[in-house]
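A short worksheet on the structure shown next.
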Amino acid sequence: MFLVTGATGSVGRTAVDLLLAQGHKVVAVTRDPSHSGLPGEAQVVAGDPSRPETLALNGVEAILLAPRAVGSATAELLSLAAAHGVRRVVVLSAATVEYPVGLPRFMEHFKSVEADAKASGLEWAFLRSTDYAANTIAWAPQVRAGNVVRGAYGNAATSTVHERDVAAVAVRALVDSGRAGRSYLLTGSESLSQYDKVRLLGEAIGKELTFVEMPPEQVHQAMLAQGLPADVPERLLGSLADYAVQAGPTSDDVEMVLGRPALTFAQWATERAAAFRI
């Protein structure tokens, strides 16, 4: 049986589906089961990963750990997991651990989670991902309203990873103990600027889109005005500023694990086109 934290997130939700499709038992943790939308085949439980005592760990073989869901409780959770006979933990980490960009405190959080996993005594695997393609859903309101996407650092380039690839690698690492003790750099196969991504998104929805660059501070204030927590624009803009100077990394780890090329941003945009249409 596998326990998935962050089960309603873009990676966690897909991992739940993949595990179930392979015939595994899944405990999907969510703070609000009544609005989770998780499949009935999963054992959906109310729990708060940042309060490990609320989680049911009996019979769990491995945990998919989403650091944002667990917060500062990683060491406590994994200590409790070890006491209940859990064998492995797969951490949804970030490429910034290996390729630092942006404000150091965001990278340090992931490094701390990885250190807690190594110290736990559990088998571990780290999935150090670049930015998820799903992050561009944030452009949807602008795209539905017109033909212009406004943002900062248009030349910032990353090899954006499809969240389904991250989930697929996570499932391999959860199920296969032979992948323990390894860190995987999960990226797409193609480095794309924000101009590129907007163009590809426009092609996917049949609409000519343009990216218009704005001053970072203006973007920062606009994001705060939307009600986003302060760390969201700080994380985003700090990373983009560095990626505008030097493109993010590109790896073939997805293909190495899954035996097929990484899914492209164009594929993701085609799959999610409905989210950008009126």
Sort through Gly188, Gly178, Gly248, Gly227 and tell me the only one that's in a loop (DSSP other than H, G, I, E, B) and free of Cβ contacts under 8 Å to residues at least 12 places away in the same chain.
Gly227
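Quick grid of which residues meet (1) part of a helix (DSSP H, G or I); (2) under 20 Å from the mean Cα position of the chain (by Cα):
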| position | (1), (2) |
| --- | --- |
| Ala138 | yes, yes |
| Gln142 | yes, no |
| Val149 | no, no |
| Asn155 | no, no |
| Ala168 | yes, yes |
| Val171 | yes, yes |
| Leu174 | yes, yes |
Anything in region 44-99 that is among the charged types (D, E, K, R) and crowded, with 17+ Cβ neighbours inside 10 Å? List them, or say none.
Asp48, Arg88
Can you confirm whether Ala269 is at pLDDT 95 or above, assigned to a loop (DSSP other than H, G, I, E, B) and either in contact with an Asp or Glu (Cβ under 8 Å, 6 or more places away or on another chain) or farther than 15 Å from His162 by Cα (or both)?
no
Answer from Ala15, Ala56 - the residue that is farther than 22 Å from Phe106 by Cα, out of contact with any Lys or Arg (no Cβ under 8 Å at 6 or more places or on another chain) and part of a loop (DSSP other than H, G, I, E, B)
Ala56
Just to verify a result, which residue in region 176-203, among those that are under 19 Å from the mean Cα position of the chain (by Cα) and buried (at least 20 other Cβ atoms within 10 Å of the Cβ), is nearest to Thr264 (Cα to Cα)?
Gly188
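Conditions tested, residue by residue: (1) under 27 Å from Asp131 (Cα atoms); (2) modelled with pLDDT under 95.
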| position | (1), (2) |
| --- | --- |
| Ser34 | no, yes |
| Ala69 | yes, yes |
| Arg88 | yes, no |
| Val91 | yes, no |
Search result, residues across region 108-122 that are crowded, with 18+ Cβ neighbours inside 10 Å and either under 14 Å from the mean Cα position of the chain (by Cα) or not hydrophobic (A, V, I, L, M, F, W, C) (or both)
His109, Phe110, Glu114, Asp116, Ser120
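The values are calculated or read from the model by the stated rules, or taken from the named source; none is laboratory data. These numbers come from a predicted model, not from an experiment. FYI the Cβ positions are ideal-geometry reconstructions off the backbone, even for glycines, and counts take in every protein chain you see.
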